[in-house]
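What follows is a short report on a single structure.
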Amino acid sequence: MFPSHCKEVSVHSVQFELTEEAIRSHLKGSRAYIRTRYVILNRGDTWAVVEIRKDAMNGVLLPVSSVKIVSLPGETSFVDEPSLDVLSASEMGRLRESVGTPCIIVRGKSEHISFFVDQEPFSLTIFDVVPPSPTKLVGLVEEALRSILQDYYVRYDVIEEDLNRLEGLSEARSVLFPCRASGLDHKGKIGYMDDPPGLSPEQIEEVAVVGCSLSARIFKAVYGSEGRLVNMCPVDLLDKVKVDGPVLTKCCKVKDGFEIEGKVAIVPWGARVSDVSAALEALIGHMSS
């Protein structure tokens, strides 16, 4: 359980022991603000959370008609975390996992207060090639979860395939990488496919082209010969990793938006936050149906 907004949460400081009976007695016959759906109760270092329903009528303060206990002190922890966005389900979920109690109440950024009750996350694997490292996809996912996908609780693992250690690369005498990226290194590096160097016939025959099918096509168009391809396409390499989805990865064949193939969401090589957000939302919906 996770409030859609901290505006739904009201905090009451009380003097009585936070038992179910005492909480119900306290709230019975009381009135609550029309937007309030949850009440956090605090006595000293003990905390509890309840969900309330109100009578439907006109007015700003409405009579409480029912009380549902969400969490009592023995299963509730309070955390002061000024850097945390209490509107982000993923941030709140990760914190709850580290604290360990079924429910956490958090005072976060701007002293906003909300809570999070244990729930199953959507488990995701981010798969990408590096360098640069860490993969850009991780940053895009984090940004999406802090903004457009705030209501989704996503836990992810990251698998990175190092381009410097691809199969078939170590024995290559000379290498063409697809483009400049910090961290690419090979003793026989001679250039990049986005700025193809002049090569002798001997170099054309021996060079290894790190890239994908598009790189191979570009190589043939530039040099008039089939290059020896060292495949770095994340979608193709995913078969070797054998991840039991769901997976987020990227491919240059996807020009805009995203594509879903089974348990795999694929975004463009130069994906934006909006692409990643849309892909994850579609993948979550696909896996939940």
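A few comments on the model shown:
- Region 171-184, subset part of a loop (DSSP other than H, G, I, E, B) and surrounded by 11 or more Cβ atoms within 10 Å (Cβ to Cβ), residue modelled with the highest pLDDT: S174
- Hey, L140 modelled with pLDDT of 95 or more and part of a loop (DSSP other than H, G, I, E, B) or not: no
- The set of residues from region 215-236 being assigned to a helix (DSSP H, G or I) and either over 36 Å from the mean Cα position of the chain (by Cα) or not hydroxyl-bearing (S, T, Y) (or both) comprises A216, R217, I218, F219, K220, A221, V222, Y223, P234, V235, D236.
- Residue in region 44-53 that is buried (at least 19 other Cβ atoms within 10 Å of the Cβ) and either within 28 Å of the chain's Cα centre (by Cα) or on the phi > 0 side of the Ramachandran plot (or both) present: yes
- Condition met for A56 (assigned to a loop (DSSP other than H, G, I, E, B), within 22 Å of Y33 (Cβ to Cβ), over 17 Å from the mean Cα position of the chain (by Cα) and among the aliphatic types (A, V, I, L, M)): yes
- Positions within region 245-266 being of a type in the set (A, V, I, L, M), under 18 Å from G139 (Cα atoms) and without any contact (Cβ under 8 Å) to a residue 24 or more places away in the chain, in sequence order: A265
- Checked across region 155-168, the condition of being outside any helix (DSSP H, G or I), among the polar types (S, T, N, Q) and either closer than 30 Å to S4 by Cβ or touching a His at 6+ places or on another chain (Cβ under 9 Å) (or both) holds for no residue.
- Pairs meeting the criteria (first residue in region 52-71 and among the small types (G, A, S), second residue not in a strand (DSSP E or B), beta carbons under 7 Å, at least 6 apart or on different chains) are S65/D55; S71/P102.
- Top-ranked residue of region 92-132 - restricted to ones that are among the small types (G, A, S) and surrounded by fewer than 16 Cβ atoms within 10 Å (Cβ to Cβ), ranked as farthest from the chain's Cα centre (by Cα): S110
- Considering only residues in region 151-170 that are within 18 Å of V230 (Cα to Cα) and surrounded by 14 or more Cβ atoms within 10 Å (Cβ to Cβ), the one that is modelled with the lowest pLDDT turns out to be L169.
The values are calculated or read from the model by the stated rules, or taken from the named source; none is laboratory data. All values reported here derive from a predicted model rather than from experimental measurement. Here the Cβ is made from the backbone with ideal geometry for all residues, glycine too, and neighbour counts use every protein chain on show.
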